[in-house]
Each structure stands twice: as structure tokens, then as C-alpha cells.
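One structure is given here, and the rest of the page talks about it.
The values are calculated or read from the model by the stated rules, or taken from the named source; none is laboratory data. Given the structure is predicted, the values throughout are model-derived calculations rather than measurements. Counting neighbours? That spans all protein chains shown, and the Cβs are built from the backbone with ideal geometry, glycine included.
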Amino acid sequence: MAQAANTLAMAGDNAYNENSGQQYLAMEASIPLFEGLNLETKATFVDYGCSQGAASMEVMRRLVSQLLPHSEATLVFNDLPSNDFNSLIKLLLATGSFDSTKTIYPCIAPNSFYNHVMPECTVDIAFALSSIHWLRQIPLPKEPTEGFEEYLRKRTNRNAAAAHKDLIEFLKLRGREVKPGGKLIVAAPSPCADNTDGRIAGNEKLRCALFQAMDILMDSGKLPPNASAGVYPPNHVHTQQSFQAAVNETEAMWVIEKAYDRVIPHPAYQAMLESQKGTQDIELHKSFEREYASDVVDWILAVFKPFMQKWWVEQGLDEGLCEGVFQECADLAKVEFVKSGGAALPVAQDFVFLRLNRC
Ligand SMILES: C[S@@+](CC[C@H](N)C(=O)[O-])C[C@H]1O[C@@H](n2cnc3c(N)ncnc32)[C@H](O)[C@@H]1O
């Protein structure tokens, strides 16, 4: 069966910006890689997979601050054409106040980053934060003859192979666009290295709460029978080793200059612990747990929503009912997360951070 290209972006109406505190922390953890760059007085910076721009804008601001007075900067914001660019455009006004001595040209580039996005040799600094783990194609669906575990095993292997191929393609395309001596800075989700803080279990409980919520809605007939089977955003994790393996296949276009791993927590967990410290009141503790559940469910749904709704409609859900059922699903998932003990555990993601030099 032919695989379709992934064309779905994050949840619109600014929902991703409002629910991406964890990705914002990943952006902050990448900042050391943006320091000490040798920039010309006319520079072009491109964010590949910028979404609605909250994290992107902060990186662009810092890059512009490194330019000499009276420099010119072209800031390019790339994402899939289905991205909510309207929310991003509202933030672009702020680029005018980055630095009055510098001329700023903000541009949007709606295109897949698995295509050419920029003309050859025009980019000084390219960056891709929490974005290149998105695969080019939608993974194949489960065959009716396959068991669920067999399917999951096969899908993981297929995604690993696809991620390797996609990363080589991404590096070659960016290798054409970035000037010699230019940089590509990446933050990408990586496999969880250990579970000493319970984050593997916390992440698992969050995903289970979402699938439990869909089960409840299927049982009550509000969702079609197969409504959870195809809800899998097409992404895969990367490691320093998988990056090196891909770089090795780009005919010496790139060299990895710097790399480090970090655990990036969801900020709502720490916020809950801080609030609970201030009181012994059991009811207040429970309400802080519910707030934590609400934040992490809204966070995961800001990514999953388009994939869920598309699948539900394909399975027969009336489009007019989609938003209402989705809200019900979100509310149920929040309750399930607390009920399963998820609120006692952190939700967090390991990340790999890299700076590559264009040779
Ligand atoms: C999790 S968001 C990260 C957004 C932002 N960089 C941040 O750090 O918060 C991933 C983004 O990658 C985009 N994306 C996925 N596949 C893409 C592709 N092939 N081309 C361009 N953007 C893509 C998605 O649409 C989404 O906006």
C-alpha cells in the first residue's frame, strides 16, 4: 500500500502556542548552541517547523541581538501549509521592536521541510526545534490480519528506518540551503534514558488516559468503534548516534560540532509540587493535581488533535460533532490521568541537542 505524506500540523487557533510550555523549555535548553556565532551584517535565519511561533520568536530575537548595529536580518518561518500561520503572523509585529538599529524582514515559508524551502546557499543559521522527529509519511495502518503487538513492533521498526531516511533527506536539503560555515541547530526528542524519576511511567499514564477516554466514548457510541486504532502522530525519536549515522551519509556536507542530552520536564509538574508545598489541605492538593492533569492533557492534545479528528471523521464521525466529542474526550482524559495515579508522576521528554557546521 502506498504511504500518504504527512500534511497535518499542530492544533490551530493558537492552541499550540498556549500549550507548548514543555517545547518552550526545550528551546531554552538549546540556547547555548546559539551563542558565539560569527554573523555577517546581512544574515538569514530560518526556523524549520516553527508552528505558531512562541519558541521561534525568542530564538530569532536572540539571533538578531548578536548582529552588529545597522545589520539586516531576514527571518524565515517555515512550517507545513496546514499550519496556523495566522497566529504566527500576529507575533511577527514584535520583530519590529527587536532592535531599532537593525532592519528586519520577517517572511513565512509554507512548505514541507522535506522539500526545498530556501534558494541555494542563502541561509546563515538554520534551526529546527522539536520538529525533525516528524516523519515525511504517515505510517502504514494495521492490517486486519495483524495482532496489535505485532503491528506495534513492525511500526516501530518501520518508523526507525523512515526516520533515518528522512533525516538524511533533511540534512541534504539543508546542506544545499545553508552557506559553507553556516550552522544547523537541532533539538529533537530522544528515547528516555532511565526511569529514576518515574517519567516513563508518567508519560505512559498520560497516553493511557487519552486512549481510556476514547474507549469510554466508543463504549457509549459517541465515537465510532475503531476510533482510537489510527491515532498515531507520525513521529520517531533521534539520538546522537542516529544523527551521526545520518551525517555520515551526507557526503561530508555536515560535521557535528556540539551535542548534549537533557531531560526536559513538563513545567506543570514542578508548578504542582510548588503549589502543594504551601498547604496541607487535601482538597487543595487534589485541585492542584487536577490543574496538572489539565495542563498535560491540553499539551498532548495540542499535538494529537488534528490526527484524532481526521481519523474519527474517516471512521464515520459526523464532522459537525467532532469538536464537542473532542472536548468531552479531553475532559475524560483529565479525570482518567488523575484516577490512574498519573498526577503523582512527572511527564517529561528526553531531548538531544546538536549544532552542525556546514562544511
Ligand atoms: C512540536 S511542533 C514544534 C514547534 C516549534 N518548533 C517549537 O519548538 O515549539 C512540530 C512542528 O513541526 C511541523 N512539521 C512537521 N512536519 C513538517 C514538515 N514536513 N515540514 C515543515 N514542518 C513540519 C509541525 O507542523 C509542527 O508545527
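Hey, Val352 hits all of (1) aliphatic (A, V, I, L, M); (2) in contact with a strand residue (DSSP E or B) (Cβ under 6 Å, 6 or more places away or on another chain); (3) without any contact (Cβ under 8 Å) to a residue 40 or more places away in the chain but one; which does it fall short on?
It fails just one condition, (3).
Looking only at region 1-46, count how many residues are more than 14 Å from the ligand (Cβ to nearest atom) and hydroxyl-bearing (Ser, Thr, Tyr).
Looking only at that region, the number is 2.
For region 216-242, give me each residue that is without any contact (Cβ under 8 Å) to a residue 40 or more places away in the chain and not in a loop (DSSP other than H, G, I, E, B).
Listed by number, the residues that qualify are Met218, Asp219, Gln241.
Is it true that Phe127 is more than 18 Å from Glu249 (Cα to Cα) and either crowded, with 19+ Cβ neighbours inside 10 Å or within 12 Å of the ligand (Cβ to nearest atom) (or both)?
yes
Report yes if Ala213 is over 22 Å from Ile31 (Cα atoms) and touching a residue at least 40 places away in the same chain (Cβ under 8 Å), otherwise no.
For Ala213, the condition - over 22 Å from Ile31 (Cα atoms) and touching a residue at least 40 places away in the same chain (Cβ under 8 Å) - is met.
Since Glu319 meets every condition but one in (1) more than 20 Å from the chain's Cα centre (by Cα); (2) touching a residue at least 12 places away in the same chain (Cβ under 8 Å), which condition does it not meet?
(2)
Filter region 64-89 down to the residues that are buried (at least 22 other Cβ atoms within 10 Å of the Cβ) and touching a residue at least 60 places away in the same chain (Cβ under 8 Å) and list them by number.
Asp79, Asn83
Of Phe353, Phe304, Phe288, which residue is aromatic (Phe, Trp, Tyr) and more than 22 Å from Val237 (Cβ to Cβ)?
One residue alone meets the criteria, Phe288.
Contact list please: Cβ distance under 9 Å, first residue in region 279-307 and within 13 Å of Val335 (Cα to Cα), second residue surrounded by 20 or more Cβ atoms within 10 Å (Cβ to Cβ) and among the polar types (S, T, N, Q), pairs at least six apart or on different chains.
Here the result reads Asp295/Asn19; Val296/Gln22; Asp298/Asn19, each pair linking region 279-307 to a residue that is surrounded by 20 or more Cβ atoms within 10 Å (Cβ to Cβ) and among the polar types (S, T, N, Q).
Is there any pair with a first residue in region 243-270 that is more than 25 Å from Lys172 (Cβ to Cβ) and a second that is assigned to a loop (DSSP other than H, G, I, E, B) and not aromatic (Phe, Trp, Tyr) whose Cβ atoms are under 6 Å apart and which are 6 or more apart or on different chains, and what are they?
Pro265/Pro346; His266/Val347; Tyr269/Pro346
Can you work out which of the residues in region 137-150 that are assigned to a loop (DSSP other than H, G, I, E, B) and away from the ligand (no atom under 16 Å from the Cβ) is nearest to His238 (Cα to Cα)?
Leu140
Working only within region 93-136, note down all residues that are part of a loop (DSSP other than H, G, I, E, B) and among the acidic types (Asp, Glu).
Within region 93-136, Asp99, Glu120 meet the criteria.
Please count how many residues of region 179-191 are more than 16 Å from the ligand (Cβ to nearest atom) and surrounded by 16 or more Cβ atoms within 10 Å (Cβ to Cβ).
3
If you take the residues in region 59-116 that are within 9 Å of the ligand (Cβ to nearest atom) and of a type in the set (S, T, N, Q), which one is farthest from Leu8 (Cα to Cα)?
Once the filter is applied, the top-ranked residue is Asn115.
Look at Arg158 and say whether it is without any contact (Cβ under 8 Å) to a residue 60 or more places away in the chain, of a type in the set (Lys, Arg) and loosely packed, with under 13 Cβ neighbours inside 10 Å.
For Arg158, the condition - without any contact (Cβ under 8 Å) to a residue 60 or more places away in the chain, of a type in the set (Lys, Arg) and loosely packed, with under 13 Cβ neighbours inside 10 Å - is not met.
Kindly check whether there is at least one residue in region 47-57 that is more than 16 Å from the ligand (Cβ to nearest atom) and of a type in the set (A, V, I, L, M, F, W, C).
Scanning region 47-57, I find no residue that is more than 16 Å from the ligand (Cβ to nearest atom) and of a type in the set (A, V, I, L, M, F, W, C), so the answer is no.
Among helices (runs of 4 or more DSSP H) lying entirely in region 251-359, which contain 3 or more residues that are surrounded by fewer than 22 Cβ atoms within 10 Å (Cβ to Cβ) and within 16 Å of the ligand (Cβ to nearest atom)?
Helices (runs of 4 or more DSSP H) meeting the threshold: 282-314.
Filter region 156-211 for residues that are β-branched (Val, Ile, Thr) and not in a helix (DSSP H, G or I); which is modelled with the lowest pLDDT?
Ranking the candidates gives Thr196 first.
Of the numbered conditions (1) among the polar types (S, T, N, Q); (2) surrounded by fewer than 18 Cβ atoms within 10 Å (Cβ to Cβ); (3) touching a His at 6+ places or on another chain (Cβ under 9 Å), Thr7 fails exactly one; give the number of that condition.
Status for Thr7: all satisfied but (3).
Between Phe85, Phe98, which is over 23 Å from the mean Cα position of the chain (by Cα) and among the aromatic types (Phe, Trp, Tyr)?
Going through Phe85, Phe98 in turn, just one is over 23 Å from the mean Cα position of the chain (by Cα) and among the aromatic types (Phe, Trp, Tyr): Phe98.
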